[in-house]
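My questions all concern the structure below.
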Amino acid sequence: PRVCVVGSGPAGFYTAQHILKHHGGALVDIYEKLPVPFGLVRFGVAPDHPEVKNVTNTFTQTARSERCAYYGNVTVGRDVTVPELQQAYHAVVLSYGAEDNRVLGIPGENLPGVYSARAFVGWYNGLPENQDLKPDLSCETALILGHGNVALDIARILLSPLQLLRKTDITDSSLAALACSKVKRVWLVGRRGPLQVAFTIKELREMINLPGARAVLDPADFTGLESALKDAPRPRKRLTELMIKTALEKPVEMQAAAAGAAAPREWGLKFQRSPQEVLPSADGRRARGIRMALTRLEGSGDSAKAVPTGDVEELECGLVLSSIGYRSLPLDPAVPFDSQRGVIPNSSGRVEGVPGLYCSGWVKRGPTGVIITTMNDSFDTAQSVLEDLQGGVLDISPSREGFGLVESILHSRGVRPVSFSDWEKIDAAEVARGKAAGKPREKIVDPAEMLQIIGH
């Protein structure tokens, strides 16, 4: 059987890995729109979390298998359509992730100074489409809307001492911009309360221990939580207890500040506030603050809803980052898509009403969870493919040409795919450039330059 996987992030690679491991004869081709592989491992994981990127070693082993091939620089839906892939392969798995962000839907969100978390993360991680972002970091206060791990990542990057970032694979140009940054205060704002935050304890602890930055948590935000905590699951309990402990601590810096030392950078969590409007500066040219509705919670736990109380509050900030979630987009008119939920309708990864078509990762279940969540999810889809091969649901008697057919289509459209060994040349160039600067790599951010290195 010939199987094709669209997208070379964790979902794509884990799907391929599972199929290759459990079917001794399957051939898997992975297509990727960028010349370089690994999706959010390369472009989403924070530069100061190199250990999370170690999964690329496993992915590299998969790509080097003689039954696997990688074709970068191919945009499915434009260079080749999904029906064309279905003619070339016995099974097609869509694992292309979430390439857009959810919008706030409030006045002023398009003002200069307002950015999506997705674009900002793409900017410091070298995602080609975000290289011209040039975020304005000339203000003292930044406000991040959202209480997830991505929000904490951004806060940490904004407030990290430069000597910590210099040793990472953060891009050269974003490092230069952060070196001139005036941001010294970051607020993370959420619509709901401390019991509903989406970040994990590891990320919170890292933020609390960030050198040269102090946490500002209001003890009043945590009063009366003890009873609710009694029945909370253990991870939620530990996370909330860490916030409470941090809120009650009198930091050493406070005494230093009283003694006349320079005030350090600071960050804090604000709860039960929902953004209503980004406020423009007097000349209307940029963001100067945000108006928020104060909310109260109805219900409890994860299902609690934030309802506006009628009171509002304004907060001055020159930088607003909206971290309220990524969003998948439809890829091809031939593929059903639920635009309400931003997913491909499926059952265990089998796309509804289209036999032989599957999906895994964020486009299957929505943009939630960490790499391990995606791994399990992808194994689940791969298992569906294997069951359908075994149960005869997928007819493999007609031989399919696989890349042979796709190659002639791409050739006729003037598209030249990038192989995995091509990527390894780009990789080597990045590592060599990084070495000179004492970094693990210096990412090449321009696709044209990537193609130049491999002589395309």
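The values are calculated or read from the model by the stated rules, or taken from the named source; none is laboratory data. Remember, it's a predicted structure, so these values are computed and weren't measured experimentally. Note: ideal-geometry Cβ built from the backbone for every residue, glycine included; neighbour counts use all protein chains shown. Please note that ligands, DNA and RNA were not included when accessible areas were found on the heavy atoms of the full protein model with its side chains. Shrake-Rupley method; radii C 1.70, N 1.55, O 1.52, S 1.80 Å.
With open to solvent by less than 20 Å² (accessible area, probe 1.4 Å) and not assigned by the TED database to the domain that holds residue 117 as the only criterion, which of 290, 344 stands out? Even if it seems obvious, please write down each step before you answer.
On the way: 290 fails: not assigned by the TED database to the domain that holds residue 117.
Being open to solvent by less than 20 Å² (accessible area, probe 1.4 Å) and not assigned by the TED database to the domain that holds residue 117 holds for just one of 290, 344, which is 344.
Being open to solvent by less than 70 Å² (accessible area, probe 1.4 Å) and part of a loop (DSSP other than H, G, I, E, B) is the filter here; which residues of segment 163-180 pass it?
The answer is 168, 169, 170, 171.
Which residue is surrounded by the fewest Cβ atoms within 10 Å (Cβ to Cβ), if the candidates are limited to segment 182-210 and must be assigned to a loop (DSSP other than H, G, I, E, B) and among the basic types (Lys, Arg)? Don't jump to the end; show me each part of the working.
If we filter segment 182-210 for residues that are assigned to a loop (DSSP other than H, G, I, E, B), which is where we start, we get 182-184, 190-193, 197-200, 209-210.
Add one more test, that the residue is among the basic types (Lys, Arg), and what stays is 182, 184, 191-192.
Numbers: 182: 13, 184: 18, 191: 23, 192: 19.
Per the stated criteria, the residue is 182.
Of the residues that make up segment 430-443, is at least one at pLDDT 95 or above, touching a Pro at 6+ places or on another chain (Cβ under 7 Å) and closer than 25 Å to residue 29 by Cα?
Within segment 430-443 (the criterion being at pLDDT 95 or above, touching a Pro at 6+ places or on another chain (Cβ under 7 Å) and closer than 25 Å to residue 29 by Cα), the answer is no, since none of the residues qualifies.
List the residue pairs whose Cβ atoms are under 7 Å apart, where the first residue sits in segment 172-183 and is of a type in the set (Lys, Arg), the second is open to solvent by less than 60 Å² (accessible area, probe 1.4 Å), and the two are 6 or more positions apart or on different chains.
182/137; 182/139
Now for a separate question. Which residues, counting only those in segment 347-367, are part of a loop (DSSP other than H, G, I, E, B), open to solvent by 10 Å² or more (accessible area, probe 1.4 Å) and farther than 30 Å from residue 156 by Cβ? Can you show your working first?
Taking segment 347-367 and keeping what is part of a loop (DSSP other than H, G, I, E, B), we get 348-349, 352-356, 360-361, 366-367.
Within this subset, residues satisfying the condition of being open to solvent by 10 Å² or more (accessible area, probe 1.4 Å) are 348, 352-356, 367.
Once the filter is applied, which keeps residues that are part of a loop (DSSP other than H, G, I, E, B), open to solvent by 10 Å² or more (accessible area, probe 1.4 Å) and farther than 30 Å from residue 156 by Cβ, segment 347-367 yields 348, 352, 353, 354, 355, 356.
I would also like to ask the following. In the set 414, 392, which member is small (Gly, Ala, Ser), assigned to a loop (DSSP other than H, G, I, E, B) and over 24 Å from residue 75 (Cβ atoms)? If you could, list the steps in order and put the result at the bottom.
Details: 414 fails: over 24 Å from residue 75 (Cβ atoms).
After ruling out the rest, the residue left standing is 392.
If you scan segment 320-341, which residues turn out to be surrounded by 17 or more Cβ atoms within 10 Å (Cβ to Cβ) and under 20 Å from the mean Cα position of the chain (by Cα)?
Residues satisfying the conditions are 320, 321, 322, 323, 324, 325, 326, 327, 328, 331.
Now a separate question. Return the total of residues in segment 103-147 being on the phi > 0 side of the Ramachandran plot, open to solvent by 30 Å² or more (accessible area, probe 1.4 Å) and touching a residue at least 40 places away in the same chain (Cβ under 8 Å). Quick ask: steps written out before the conclusion?
So the first thing to find is which residues in segment 103-147 are on the phi > 0 side of the Ramachandran plot, and the list is 105, 108, 113, 126, 134, 146.
Keeping just the survivors that are open to solvent by 30 Å² or more (accessible area, probe 1.4 Å) gives 105, 134.
Among the residues that remain, those that are also touching a residue at least 40 places away in the same chain (Cβ under 8 Å) are: 134.
Adding up the residues that qualify gives 1.
Moving on. Among (1) at negative phi; (2) part of a loop (DSSP other than H, G, I, E, B), which single condition is residue 295 missing?
Among (1) at negative phi; (2) part of a loop (DSSP other than H, G, I, E, B), the lone unmet condition for residue 295 is (2).
Scanning for something loosely packed, with under 15 Cβ neighbours inside 10 Å, among the acidic types (Asp, Glu) and in the same structural domain as residue 41 (by the TED database), does segment 403-416 turn up at least one residue?
Within segment 403-416 (the criterion being loosely packed, with under 15 Cβ neighbours inside 10 Å, among the acidic types (Asp, Glu) and in the same structural domain as residue 41 (by the TED database)), the answer is no, since none of the residues qualifies.
Determine, yes or no, whether residue 126 is over 18 Å from residue 431 (Cα atoms) and small (Gly, Ala, Ser). Quick ask: steps written out before the conclusion?
Working: over 18 Å from residue 431 (Cα atoms): no; small (Gly, Ala, Ser): yes.
Spelling it out, it is not the case that residue 126 is over 18 Å from residue 431 (Cα atoms) and small (Gly, Ala, Ser).
Now for a different question. For residue 20, all conditions in the list (1) within 30 Å of residue 324 (Cα to Cα); (2) open to solvent by 10 Å² or more (accessible area, probe 1.4 Å) hold save one; what is the number of the exception?
Residue 20 satisfies all of (1) within 30 Å of residue 324 (Cα to Cα); (2) open to solvent by 10 Å² or more (accessible area, probe 1.4 Å) except (1).
Looking at segment 104-143 only, could you name the residues that are outside any loop (DSSP other than H, G, I, E, B) and either under 13 Å from residue 325 (Cβ atoms) or not assigned by the TED database to the domain that holds residue 191 (or both)? Before you say what the answer is, go through the steps one by one.
Applying the first criterion (outside any loop (DSSP other than H, G, I, E, B)) to segment 104-143 yields 114-124, 128-130, 141-143.
116, 117, 118, 121, listed by residue number.
Please go through segment 376-402 and pick out each residue that is crowded, with 16+ Cβ neighbours inside 10 Å and of a type in the set (A, V, I, L, M).
382, 385, 386, 389, 394, listed by residue number.
Give the residues of segment 395-422 that are of a type in the set (A, V, I, L, M, F, W, C), touching a helix residue (DSSP H, G or I) at 6+ places or on another chain (Cβ under 8 Å) and at pLDDT 95 or above, sorted by residue number.
Just the residues of segment 395-422 that are of a type in the set (A, V, I, L, M, F, W, C), to begin with: 396, 403, 405-406, 409-410, 415, 418, 420.
Filter once more, so that each one left must be touching a helix residue (DSSP H, G or I) at 6+ places or on another chain (Cβ under 8 Å): 396, 403, 405-406, 409, 418, 420.
Within segment 395-422, 403, 405, 406, 409, 418, 420 meet the criteria.
When segment 431-455 is examined, which residues are found to be in a helix (DSSP H, G or I) and either closer than 17 Å to residue 32 by Cβ or among the aliphatic types (A, V, I, L, M) (or both)? Before you say what the answer is, go through the steps one by one.
At the first step, the residues of segment 431-455 found to be in a helix (DSSP H, G or I) are 431-437, 447-453.
Hits for segment 431-455 are 431, 432, 436, 437, 447, 448, 450, 451, 453.
Count, please, the residues in segment 344-366 that happen to be within 18 Å of residue 384 (Cα to Cα) and within 16 Å of the chain's Cα centre (by Cα). Talk me through it step by step, then tell me what you get.
Taking segment 344-366 and keeping what is within 18 Å of residue 384 (Cα to Cα), we get 344-365.
Add one more test, that the residue is within 16 Å of the chain's Cα centre (by Cα), and what stays is 360-365.
Residues that pass the stated criteria total 6.
I'd like to verify a number: residues in segment 45-102 that are crowded, with 18+ Cβ neighbours inside 10 Å, of a type in the set (S, T, N, Q) and assigned to a loop (DSSP other than H, G, I, E, B), how many?
Final tally of qualifying residues: 2.
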